Amino acid sequence: FEKVMNTVKARALHSELADGFDLLRERGRGRYDMELPEFDTPAFDFLRDLTAAPWMPIVKQILGEEVVLIHKGVFLSLPGAEAQEYHQDGPHLSTKVQRPCHAVNVFIPLVDLSMRNGPTEFLPGSHILGHDGYDRSKIVVPMVSAGTPVIFDYRLGHRGLGNSSNDCRPLVYCTYAASSNGKEFRDSVNFSRKRYHKIGELVDKPLSREERTRKRKLAQEERRCLQLIAQHEAKHTPPQQRPAPQPQPVPLSNDQSPR
């Protein structure tokens with residue numbers, strides 16, 4: 001997160017931040033959805049291994065043996081982050097009949113959850129077609145310890161609560177979909193990189209005021225040198241080596257018109 005924000009500051013990408021980058025998107029004030037390249041390294045093989053993660057037996061009980069990991073990332077809630085709007089991550093695959101669960105989310109908090117640091121609020125039963133409206137009397141808020149997975153239907157209504165603590169609340173998430181004959185559900189709305197700006201190579205640390213001033217002066221000096229070189233070449237280039245002027249068309253009078 002710090003590298004992305006350092007890059008935003010160093011390259012003045014603040015306007016692009018509102019639209020989102022391929023590695024980081026805002027999900028409300030003070031709340032970010034991040035993709036970590038480190039998750040594709042050997043140290044995190046267990047996230048991609050459909051047999052190694054301890055929550056996979058439950059995921060397969062819900063979705064069946066043919067399962068695909070369609071996305072993984074981190075939700076980061078900063079101190080002062082506001083509560084999200086109540087929402088569902090994905091729609092029903094049919095608007096007429098209740099179909100079996102086609103995808104699930106697994107949330108793994110990296111810190112102990114409390115009401116202060118912004119846990120997730122769920123509405124049981126809201127995954128049922130026609131019962132997705134918000135009902136405060138039925139909400140539940142799991143207060144689990146760090147590393148405890150919370151698994152829920154992709155259609156279940158939920159929202160992240162505000163973080164009134166002084167600490168960040170990071171949460172790893174994995175999204176799995178049922179697969180049939182090599183085909184599975186794909187969320188092209190939440191997980192399409194084509195929608196977002198490419199942030200490019202990340203900056204390790206922000207530039208200091210002195211470094212920004214020096215960078216600006218170097219750019220100005222470079223432009224001035226290029227102008228001087230162009231003037232020098234124009235002054236000392238022999239006439240025969242200079243580009244011949246292009247002839248300009250001469251307008252014809254009425255009596256000079258071609259016959």
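The values are calculated or read from the model by the stated rules, or taken from the named source; none is laboratory data. What you are looking at is a predicted structure, and each value in this text was computed from that prediction instead of being measured. Positions of Cβ are backbone-derived with ideal geometry, glycine not excepted, and every protein chain shown enters the neighbour counts.
Residue check: is Ser165 touching a residue at least 24 places away in the same chain (Cβ under 8 Å), within 19 Å of Leu50 (Cβ to Cβ), surrounded by 15 or more Cβ atoms within 10 Å (Cβ to Cβ) and out of contact with any Phe, Trp or Tyr (no Cβ under 8 Å at 6 or more places or on another chain)?
In short, no.
Test Gly125 against the stated conditions and say whether it is over 14 Å from Phe75 (Cβ atoms), of a type in the set (Gly, Ala, Ser) and under 25 Å from the mean Cα position of the chain (by Cα).
In short, no.
How many residues does region 20-47 contain that are farther than 19 Å from Pro170 by Cβ and surrounded by fewer than 14 Cβ atoms within 10 Å (Cβ to Cβ)?
Selection size over region 20-47: 2.
Tell me the residue from Val106, Val67, Val141 that is surrounded by fewer than 20 Cβ atoms within 10 Å (Cβ to Cβ), in contact with a strand residue (DSSP E or B) (Cβ under 8 Å, 6 or more places away or on another chain) and either closer than 19 Å to Arg31 by Cα or not β-branched (Val, Ile, Thr) (or both), please.
That would be Val141, the only listed residue that is surrounded by fewer than 20 Cβ atoms within 10 Å (Cβ to Cβ), in contact with a strand residue (DSSP E or B) (Cβ under 8 Å, 6 or more places away or on another chain) and either closer than 19 Å to Arg31 by Cα or not β-branched (Val, Ile, Thr) (or both).
In region 88-102, how many residues are within 21 Å of the chain's Cα centre (by Cα) and either surrounded by fewer than 16 Cβ atoms within 10 Å (Cβ to Cβ) or at pLDDT 95 or above (or both)?
Residues that pass the stated criteria total 1.
I'm trying to understand the selection: among the residues of region 28-65, which are of a type in the set (Phe, Trp, Tyr), touching a residue at least 40 places away in the same chain (Cβ under 8 Å) and in contact with a Leu (Cβ under 9 Å, 6 or more places away or on another chain)?
Tyr32
So Asp153 passes all but one of these: (1) surrounded by fewer than 16 Cβ atoms within 10 Å (Cβ to Cβ); (2) modelled with pLDDT of 95 or more. Which condition number does it fail?
For Asp153, the failing item is (1).
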